[in-house]
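The values are calculated or read from the model by the stated rules, or taken from the named source; none is laboratory data. Fair warning: this is a prediction, and the values are worked out from it, not measured in the lab. Every residue, glycine among them, receives a Cβ derived from its backbone with ideal geometry; neighbour counts consider all protein chains shown. Surface areas here come from the heavy atoms of the whole protein model, side chains and all, with no ligands, DNA or RNA. Shrake-Rupley method; radii C 1.70, N 1.55, O 1.52, S 1.80 Å.
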Amino acid sequence: MPASDVARIKRVYTEQAGDLTLFEEQAAKWGELLDLGPSRRQKLETLNEQLAELGKLSKEVLGLADELAKGTIDAVMAASDEELGLAALLGGLGGRP
């Protein structure tokens, strides 16, 4: 995978994390409304659960992107023969075979 793809993944998911903060703030404001009916309050609770899950998954994707960055074609081409040989003996770049 090219390093540019990994960089794009990191950029998109980092931006999404910033947007997620805004969504959580807006949901908190809606939660403070006194005239929110039971149905809407339940939908708001579902939204909050989904936002929490999205935040968790975004962090996982960013972690995986960090792992991918270790084995991009750019990283492999930049490594010396000795580094590549050692990586092969130890199970591959980034700990992957």
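Taking a straight line from the alpha carbon of Lys59, these lysines sit under 19 Å away, with near neighbours fewer than eight places off in the same chain left out: Lys10, Lys70. Once the C-beta distance of Leu44 and Glu15 is scaled by a Förster radius of 30 Å, the resulting FRET efficiency is 0.80 to the nearest 0.05. About the centre of its Cα atoms, the chain shows a dipole size close to 280 debye [charges on the beta carbon of Lys, Arg (+1) and Asp, Glu (-1) only; nearest 20 debye].
Here the relative contact order of the chain, from alpha carbon pairs under 8 Å that lie six or more residues apart, stands at 41 percent. Debye-formula intensities of the chain, expressed as log10 I(q)/I(0) at q = 0.15 Å⁻¹, are -0.70 (one equal scatterer per alpha-carbon, no solvent). Mean residue ellipticity, 222 nm, helices only, the chain: the sum of -39500 (n - 2.57) across DSSP H runs of n ≥ 4, divided by residue count and rounded to 500, is -27000 deg cm²/dmol. Per-residue SASA remark: Val61, around 40 Å² accessible (1.4 Å probe; ligands, DNA and RNA not included).
Take the Cα of Arg8, step 7 Å toward its Cβ, do the same at Ser80, and the gap between the two points is 3.4 nm. Taking all protein chains together and rolling a 1.4 Å probe, Met77 ends up with roughly 140 Å² accessible.
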